[in-house]
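Participant: Structure incoming, see below.
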Amino acid sequence: MTSQQVEKELFEFNRLTNKAKENNTMKVFIADDSPIIQERLMTMLSDITEVEIVGKAHDTPEAIKSIKELKPDVVILDNRMPGGGGIEVLQSIKKDLPRTKVIVFTNYPYTQYRKKFMELGADFFFSKSIQFEEIANAINELNYRNDGRRFAE
């Protein structure tokens with residue numbers, strides 16, 4: 001990635017972050033190494049009111065760094081990414097931003113992965129191949145508390 005591309009992405013992330021703060025929206029971060037999955041998620045989430053995508057990452061180090069900086073309310077996290085993996089990202093989130101909700105979204109929905117991620121504090125664990133639409137349901141569930149108040153309040 002060139003410095004010009006990095007600068008452009010940072011500008012876009014800052015614009016989205018400021019918009020999210022101004023609108024008191026739920027800030028969502030996507031950590032997935034597949035541009036196709038990122039694009040599908042962004043398209044799906046753009047239809048949900050009061051949700052803003054504040055950032056995205058393609059690998060583990062980038063995800064950890066960006067999540068710390070952007071402080072999203074929710075992270076959609078792939079369990080396998082270059083430079084580490086979802087467990088490392090989840091551990092960093094729970095250490096530095098314990099109130100951030102984490103939705104694990106994976107092509108490897110094996111029981112041992114689900115158990116490990118849930119033990120480490122993931123809030124949801126979905127299979128990319130059969131539960132794509134569940135992401136929207138989880139975001140909507142997180143967007144409202146039991147008493148009906150918005151998540152971001």
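The values are calculated or read from the model by the stated rules, or taken from the named source; none is laboratory data. Source: prediction; values computed, not measured. In this analysis, Cβ positions are derived from the backbone assuming ideal geometry, glycine residues included, and neighbour counts consider all displayed protein chains.
Participant: Considering Met118, Met44, which residue is in a helix (DSSP H, G or I) and in contact (Cβ under 8 Å) with a residue 60 or more places away in the chain? So that I can check it myself, show each step before the final result.
Facilitator: Details: Met118 fails: in contact (Cβ under 8 Å) with a residue 60 or more places away in the chain.
Within the list Met118, Met44, the selection yields Met44.
Participant: When the residues of region 47-57 are narrowed to those that are assigned to a loop (DSSP other than H, G, I, E, B) and either within 13 Å of the chain's Cα centre (by Cα) or of a type outside the set (A, V, I, L, M, F, W, C) (or both), which ends up surrounded by the most Cβ atoms within 10 Å (Cβ to Cβ)?
Facilitator: As a first pass, look at region 47-57 and keep what is assigned to a loop (DSSP other than H, G, I, E, B): 47-50.
Subsequent filtering for residues that are either within 13 Å of the chain's Cα centre (by Cα) or of a type outside the set (A, V, I, L, M, F, W, C) (or both) retains 47, 49-50.
Numbers: Asp47: 8, Thr49: 10, Glu50: 16.
The residue in question is Glu50.
Participant: Give the number of residues within region 58-68 that are of a type outside the set (A, V, I, L, M), touching a residue at least 12 places away in the same chain (Cβ under 8 Å) and in a helix (DSSP H, G or I). So that I can check it myself, show each step before the final result.
Facilitator: First pass over region 58-68, keeping only residues of a type outside the set (A, V, I, L, M): 58-62, 65-66, 68.
From what is left, the residues that are touching a residue at least 12 places away in the same chain (Cβ under 8 Å) are 58-62, 66, 68.
From what's left, in a helix (DSSP H, G or I): 60-62, 66, 68.
Residues meeting the conditions: 5.
Participant: Does Gly83 satisfy the criteria of being more than 16 Å from Leu41 (Cβ to Cβ), of a type outside the set (Phe, Trp, Tyr) and touching a Pro at 6+ places or on another chain (Cβ under 6 Å)?
Facilitator: yes
Participant: Another one. Confirm whether Pro72 is assigned to a loop (DSSP other than H, G, I, E, B) and either at pLDDT 95 or above or not basic (Lys, Arg) (or both).
Facilitator: Details: assigned to a loop (DSSP other than H, G, I, E, B): yes; either at pLDDT 95 or above or not basic (Lys, Arg) (or both): yes.
Yes.
Participant: Hey, could you check region 82-114 for residues that are among the hydrophobic types (A, V, I, L, M, F, W, C), touching a strand residue (DSSP E or B) at 6+ places or on another chain (Cβ under 7 Å) and outside any strand (DSSP E or B) and say which is nearest to Glu62 (Cα to Cα)?
Facilitator: Taking region 82-114 first, the residues among the hydrophobic types (A, V, I, L, M, F, W, C) are 87, 89-90, 93, 97, 102-105.
Within this subset, residues satisfying the condition of being touching a strand residue (DSSP E or B) at 6+ places or on another chain (Cβ under 7 Å) are 89-90, 93, 102-105.
From what is left, the residues that are outside any strand (DSSP E or B) are 89-90, 93.
On the way: Val89: 10, Leu90: 13, Ile93: 13 Å.
Of everything passing the filter in region 82-114, Val89 is nearest to Glu62 (Cα to Cα).
Participant: Taking into account only those residues within region 91-102 that are of a type in the set (Val, Ile, Thr) and surrounded by 21 or more Cβ atoms within 10 Å (Cβ to Cβ), which is nearest to Lys27 (Cα to Cα)? I'd like the intermediate steps shown before the answer.
Facilitator: Keep residues of region 91-102 that are of a type in the set (Val, Ile, Thr), which gives 93, 100, 102.
Add one more test, that the residue is surrounded by 21 or more Cβ atoms within 10 Å (Cβ to Cβ), and what stays is 93, 102.
Details: Ile93: 14, Val102: 12 Å.
Per the criteria, the residue is Val102.
Participant: Looking at region 71-87 only, could you name the residues that are crowded, with 22+ Cβ neighbours inside 10 Å and of a type outside the set (Val, Ile, Thr)?
Facilitator: Let us first name the residues in region 71-87 that are crowded, with 22+ Cβ neighbours inside 10 Å, namely 72-79, 81, 86.
Scanning region 71-87 gives Pro72, Asp73, Leu77, Asp78, Asn79, Met81, Gly86.
Participant: Ile135 - would you say it is at pLDDT 95 or above and out of contact with any Ser or Thr (no Cβ under 8 Å at 6 or more places or on another chain)?
Facilitator: Considered against the rule, which asks whether it is at pLDDT 95 or above and out of contact with any Ser or Thr (no Cβ under 8 Å at 6 or more places or on another chain), Ile135 comes out as no.
Participant: Among the residues of region 40-53, is there at least one that is on the phi > 0 side of the Ramachandran plot and in contact with a helix residue (DSSP H, G or I) (Cβ under 9 Å, 6 or more places away or on another chain)?
Facilitator: yes
Residue by residue, here is whether (1) surrounded by fewer than 19 Cβ atoms within 10 Å (Cβ to Cβ); (2) of a type in the set (Ser, Thr, Tyr); (3) under 21 Å from Thr25 (Cβ atoms) holds:
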site	(1), (2), (3)
Ile36	yes, no, no
Met42	yes, no, yes
Val89	no, no, no
Tyr110	yes, yes, no
Tyr113	yes, yes, no
Glu119	yes, no, no
Phe126	no, no, no
